[in-house]
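Notes to accompany the following structure.
The values are calculated or read from the model by the stated rules, or taken from the named source; none is laboratory data. Treat the numbers as computed from the prediction; the structure is a model and nothing was measured. With ideal geometry, Cβ positions are generated from the backbone for all residues, glycine too; neighbour counts draw on all protein chains shown. Side chains included, ligands, DNA and RNA excluded: accessible areas come from the protein's heavy atoms. Shrake-Rupley method; radii C 1.70, N 1.55, O 1.52, S 1.80 Å.
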There are 4 protein chains.
Amino acid sequence: MEPQFKTIGILAKTNHPNINNVLTILLNFLQQQQLKIVITEKIAECIQTNSTHVASLEEIGSICDLIISVGGDGTFLAAAHASVQAQIPLVGINLGQVGFLVDIYPQELCEKLQEILFGKYNLETRFLLQVQIVRNQQIIKQEHALNEVVIHRWITPSMIEISTYINGQLLNTQRSDGLIIATPTGSTAYSLSAGGPILHPTLNAMVLVPLNPHTFSNRPIVIDSSAQIEIRFGQTRQINALISCDHLEIPQVLMSDHILIKKYDTPIKILHPQGHDFFYTLRKKLNWSVNNNLP
Amino acid sequence: MEPQFKTIGILAKTNHPNINNVLTILLNFLQQQQLKIVITEKIAECIQTNSTHVASLEEIGSICDLIISVGGDGTFLAAAHASVQAQIPLVGINLGQVGFLVDIYPQELCEKLQEILFGKYNLETRFLLQVQIVRNQQIIKQEHALNEVVIHRWITPSMIEISTYINGQLLNTQRSDGLIIATPTGSTAYSLSAGGPILHPTLNAMVLVPLNPHTFSNRPIVIDSSAQIEIRFGQTRQINALISCDHLEIPQVLMSDHILIKKYDTPIKILHPQGHDFFYTLRKKLNWSVNNNLP
Amino acid sequence: MEPQFKTIGILAKTNHPNINNVLTILLNFLQQQQLKIVITEKIAECIQTNSTHVASLEEIGSICDLIISVGGDGTFLAAAHASVQAQIPLVGINLGQVGFLVDIYPQELCEKLQEILFGKYNLETRFLLQVQIVRNQQIIKQEHALNEVVIHRWITPSMIEISTYINGQLLNTQRSDGLIIATPTGSTAYSLSAGGPILHPTLNAMVLVPLNPHTFSNRPIVIDSSAQIEIRFGQTRQINALISCDHLEIPQVLMSDHILIKKYDTPIKILHPQGHDFFYTLRKKLNWSVNNNLP
Amino acid sequence: MEPQFKTIGILAKTNHPNINNVLTILLNFLQQQQLKIVITEKIAECIQTNSTHVASLEEIGSICDLIISVGGDGTFLAAAHASVQAQIPLVGINLGQVGFLVDIYPQELCEKLQEILFGKYNLETRFLLQVQIVRNQQIIKQEHALNEVVIHRWITPSMIEISTYINGQLLNTQRSDGLIIATPTGSTAYSLSAGGPILHPTLNAMVLVPLNPHTFSNRPIVIDSSAQIEIRFGQTRQINALISCDHLEIPQVLMSDHILIKKYDTPIKILHPQGHDFFYTLRKKLNWSVNNNLP
């Protein structure tokens, strides 16, 4: 029997104290399986290894048939961006602390990867958002986001006025620090800090969360993931806004620009070990243990 | 051309100062259309009218082919409960102030009803929740709710411990005053006061909102409306809980009871005037106007 | 040199697994110091001991010159209620997990008590609230609370309407599940679960926190602790409310009753080991550690 | 009898549609009283008037004995900054919509000013915050704020790590978008949008409100106004933060800078018409009317 995947790309959070240990175990395991291994330059700088290829993120995204992310959810986000065009499946290994996207612990790495390589996994798809910035009827910039798109006031001491249209219909005009549009994946990230609800990963929905809105009744609203969102700004003055897609920033968005946000055509594929339990991760990450020493 | 509906049931918020005016206009209009009219006893007590039938809510639910609710969202809820078994469509007339479910104003009543009677309407379906209370493996009580099911501590000064299972999988165990499970319809009612998000009415989802949880990270979670929810209590002491379905209360639920909640098979049908706009109602009800005199 | 305190009352959370160990160490230590020891009946039932006195909470409150509470914040609350009339100082020993009021760990018990007995301690006073229920111009019930007074809807499916007057001036009329009035001590208890802010223990202030208010802008408000608060109900129907003082409940408050709340004349005295740090306790209890594995 | 004030400075929100009307009435009234009037250049540009002096904000702050602010709370903030050094009392006239600081309506302007000029007023003092930025043991910048000091991440896609010390003692280290330190005056402004409580204006307290904190239990904390706050940053990388004092921004604060915040020595003095009621303003501004058409 042959492994399902032949060329394995690896991304890693190379500034983590435990990374060398975990990478050594991972590379040894993959070499024993006789797989072709492609690593990033950062990994090549921090670990001595033969029989590996060094490549840029773009190359990894085009030549591999599986990408392994070693680190936290942030590293996984970078891996997701690299993999999305080619629809390469992703596996997430954490560094001792579970993340929402990285659910294999270092100590079970070989066992779980063995299973995944030979087809024993749960395949999960997660959708991304596509954001387009339109200036004078032209798309001047296009990005995508697995977690969230954030529209944020920038270099202005006062709130910005944001009008949101859903499928061409006005939702509202709000004054606030900005607006988050998050996927279910992103609902447990920045959106949660801003007061948004948790969306189950399988939900075909996205959530709009205002940032510190002037009107208290501007509450998070959950809409279908098929909706087309358009953002316009109310100010006429030439102040600026800033758009973030996951952690990539697009500054100097003008008050006259329109922002279009919708579900991206191609989802990413995540391979989980069998028995993966989202609620378990949620309980771990959010410290949902019942404190038994209550008064 | 004949009207689509022949027998019209009417429910009304009879203790509202403006009710007699609106009912008079409504009854005159329906009589001119030569329709059979069935009213509740309460309405019969407050208004002089001939050529109408007086019936109980149950009868109205079985003999009419359209139910008109005159009042606020509360009256509409009662109408929904009366109509759900027979799947009779509902129309909501407000008393001067728009509600999420009652979108026809008294002054446009005749015009809008005329259109609806002759087939010019938007049909919307809204799902209900079904709740079953299981004691010693037996369903001892069953109810349904259009807005929300609330599990609440009752006659106990301390928080209750609630374990929630979704499709048989543990979500979490929380200490709190209780838990709301709301439909999209209910997401703009009690759930919103308790910190829940707004769910768009067409979303196939429900939201679980903890009431004053001991652990702050116990945040609202939105799940698919096909999920089966089971609630168990952590305490062994014989204190009680209370279940509310919309505004109907089921007291003296025991700590050993299990509560099962899922989507109810039969949705209700709401007829809106054409051009109905949920976001407009949202902006009106939540005072989402931008204050233009900000500093 | 003589110890400052001669007769020591002890209260304990007797259903905690670790309680026998801690009580044995505590009693041995106090007996070695030749102090007179008074314990509750519950303690007498769970531990074999000579040379101790058994007494009711009321007696303990009248004959001791120091009370030691062993358990969580709930046990300490009971001790506070027992001590307040006679102004006896309190010491709080936890059972392995720090509480806001119980800051001595079992393993440092002898050392810290030794210091406290001989005058090395930080004295902290905490004020209580006094609540009076007025029916037909007569005070029919009077209680006090160290943490909070809660006015709560009771056996009614709908919200109650509460009008709050501060020093005779209307603050507001709100529809909600109820209202919490918390001291700084109580600001880290139920009030925090309901969305209230943390008040530093030394602040001469109290906080009013609405419970799931119908109007979202009904936000917590912090006022001077010298203010006199009066609560009236808006309903004319004979439904009931319920008042909780810490964990003691006063049911069947009528809609026609007035509730008066103000600072209680006599504060309680807490003796802390020297170097006591409220912020440290806050960080511990609220898990305020920075997560270093952020993306 | 002579008026208490002789030289009246005027600031105005000159881009408001109603401003010319109100200024004309105001200037006529003051001229009839034979008072010396000093206006800003902006006012001089928008209204034709004789027998007035035009001066800069700084001059107005040094030569007047009363300052009248015509506009919203934002204009009043500017007036407060101009008046604070010379301790000149302030009167706030709104433009038809009440503000927390501007409580005289245009239509009652002459009557109320007449009373105030002849000593019939309620004097209220409000404290300000002083903020100092310390770099290499030197104070490189100093500002003050009537509403709030905000520390905010700037040109960085990720949260900043902020350590807060109160009177030299560590409160906590948090990851967030930033931190608001608000006075009671500011507690009804930006702080409220960010989830902070309302502080009664007379309270000797300030509130620390985290902006979208990574840890949900990082809740607003209210401390005594005599406390000295020091902020340090956790990052070692040379990213920047931004400090806002009311609406004045201090950009490019370094991660190695320390920020010191404390109560400013000199409060501002506000003159209110007699019978001024803070709770009335609160109810008006926050729409705290009870909706009587609840279900």
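Counting pairwise Cα distances across the range A:16-56, what percent come out greater than 14 angstrom?
So the portion of pairs separated by more than 14 Å is 43 percent.
Copy A relates to copy B by a rotation, and the A residue whose beta-carbon is nearest that axis, with the distance in whole angstrom, is A:P197, 2. For chain D, the per residue solvent-accessible surface stands at 39 Å², with DNA, RNA and ligands left out and a 1.4 Å probe. With both labels modelled 7 Å from their Cα along Cα-to-Cβ, the C:T24 to B:Q87 distance reads 7.1 nm. The calculated pair-distance distribution of the range B:162-241 uses every alpha carbon pair, bins of 5 angstrom beginning at 0, and gives 3, 15, 26, 23, 20, 9, 3, 1, 0 percent. Label points for B:Q97 are taken 7 Å from Cα along Cα→Cβ. From this copy to the others they lie 2.1, 4.5, 4.9 nm apart, shortest first.
Among the protein heavy atoms of the range D:129-263, carbon and sulfur supply 45% of the accessible surface, probe 1.4 Å, non-protein parts ignored.
Within the same chain, lysines fewer than 8 places from B:K6 are excluded, and of the rest, those with a Cα less than 27 Å from its Cα are B:K36, B:K42, B:K112, B:K120, B:K269.
Mind running the shape call on the range C:120-178? Use the C-alpha gyration tensor, a ≥ b ≥ c as the square roots of the eigenvalues: rounded below 1.5 for a/c, prolate if a/b tops b/c, oblate otherwise. Walk me through the intermediate numbers first.
Values: a/c = 2.00, a/b = 1.78, b/c = 1.12.
Taking the square roots of the gyration eigenvalues as a ≥ b ≥ c, the range C:120-178 is prolate.
Within 10 Å of the Cβ of each residue in C:98-105, the mean number of Cβ atoms contributed by other protein chains is 1. Which net charge results when you count Lys and Arg as +1 and Asp and Glu as -1 among the other residues whose beta-carbon is under 15 Å from that of D:S191? Here the charged neighbours net out to -1. For B:F233, nonlocal amide neighbours, meaning residues 5 or more places apart or on other chains whose placed amide H falls under 5 Å from its own, are B:S163. The dipole here belongs to the range D:129-263: it is taken about the Cα centre, uses +1 on the Cβ of Lys and Arg and -1 on the Cβ of Asp and Glu, and is about 240 debye. The 3J(HN,Hα) values that the Karplus relation (6.51, -1.76, 1.60; θ = phi - 60°) gives for the range A:113-128 are, in residue order, 5, 3, 4, 5, 4, 9, x, 8, 7, 9, 8, 10, 9, 10, 8, 10 Hz. Gly and Pro appear as x. In degrees between 0 and 90, to the nearest 10, how far off the longest principal axis of chain A does helix A:19-32 point, with axes built from Cα atoms? Helix A:19-32 and the main axis of chain A meet at about 60 degrees. Placing a label point 7 Å from Cα along the Cα-to-Cβ direction at A:Q274 gives distances to the equivalent points in the other copies of 5.6, 6.4, 8.6 nm, listed shortest first.
Using a Gaussian network model of chain A in which every pair of alpha carbons under 10 angstrom is joined by a spring, one finds that among A:S217, A:S56, A:S191 the greatest mean-square fluctuation is at A:S217. Taking Cα centre as origin and charging only the Cβ of basic (Lys, Arg, +1) and acidic (Asp, Glu, -1) residues, the dipole magnitude of chain C rounds to 540 debye. On the protein heavy atoms, probe 1.4 angstrom, tell me the percent of accessible surface of the range D:52-116 carried by carbon and sulfur. The value for the range D:52-116 is 50 percent carbon and sulfur by accessible area. Quick check of the Kirkwood formula: for the range A:195-295, what is the inverse mean of 1/r over all pairs of different Cα atoms, in Å? The Cα-based Kirkwood calculation yields 17.6 Å. Across all C-alpha atoms in chain C, the radius of gyration and Dmax reach 20.8, 66 Å. Comment: the Cα-to-Cβ extended label point of C:S289, at 7 Å, lies 1.1, 5.2, 5.2 nm from its counterparts in the other copies, nearest first.
Applying the Karplus relation 6.51 cos²θ - 1.76 cosθ + 1.60 with θ = phi - 60° to the range C:46-53 yields 3J(HN,Hα) values of 9, 9, 7, 7, 9, 6, 10, 9 Hz, where x marks Gly and Pro.
Working note: Cα gyration tensor of the range B:44-84, eigenvalues times five, square-rooted, sorted largest first, giving semi-axes of 18, 14, 8 Å. The equivalent ellipsoid of the range B:1-153 has semi-axes of 29, 16, 16 Å, largest first, where each one is the square root of 5 times an eigenvalue of the Cα gyration tensor.
Per residue of D:204-212, other chain Cβ atoms within 10 Å of the residue Cβ number 4 on average. Between helix D:73-83 and chain D there is an angle of about 90 degrees, using the helix long axis and the longest principal axis of the Cα atoms.
Measuring gaps between exposed loop sites in chain C (trypsin sites (Lys or Arg not before Pro); DSSP loop; at most 13 other Cβ atoms within 10 Å), the longest gap, sites not included, is C:1-119. Placing dummy labels 7 Å off each Cα toward the beta-carbon, the span from C:Q114 to D:Q4 is 6.4 nm.
Computed on the Cα atoms alone, the convex hull of the range A:129-263 gives a volume of 97 cubic angstrom per residue. Once the convex hull of all Cα atoms in the protein assembly as shown is built, its volume per residue stands at 229 Å³.
Please work out, to two decimal places, the log10 of the ratio I(q)/I(0) at q = 0.10, 0.13, 0.23, 0.24 Å⁻¹ from a Debye calculation in which every Cα of the range D:1-86 carries one identical scatterer. Computed log10 I(q)/I(0) values: -0.21, -0.37, -1.18, -1.28.
Residue-wise HN-Hα couplings along the range A:138-147, as the Karplus relation 6.51 cos²θ - 1.76 cosθ + 1.60 with θ = phi - 60° gives them from phi, are 10, 6, 9, 7, 9, 9, 9, 9, 8, 8 Hz; Gly and Pro carry x. Heavy atoms of chains C and B lose about 1600 Å² of accessible surface on contact, summed over both sides with a 1.4 Å probe.
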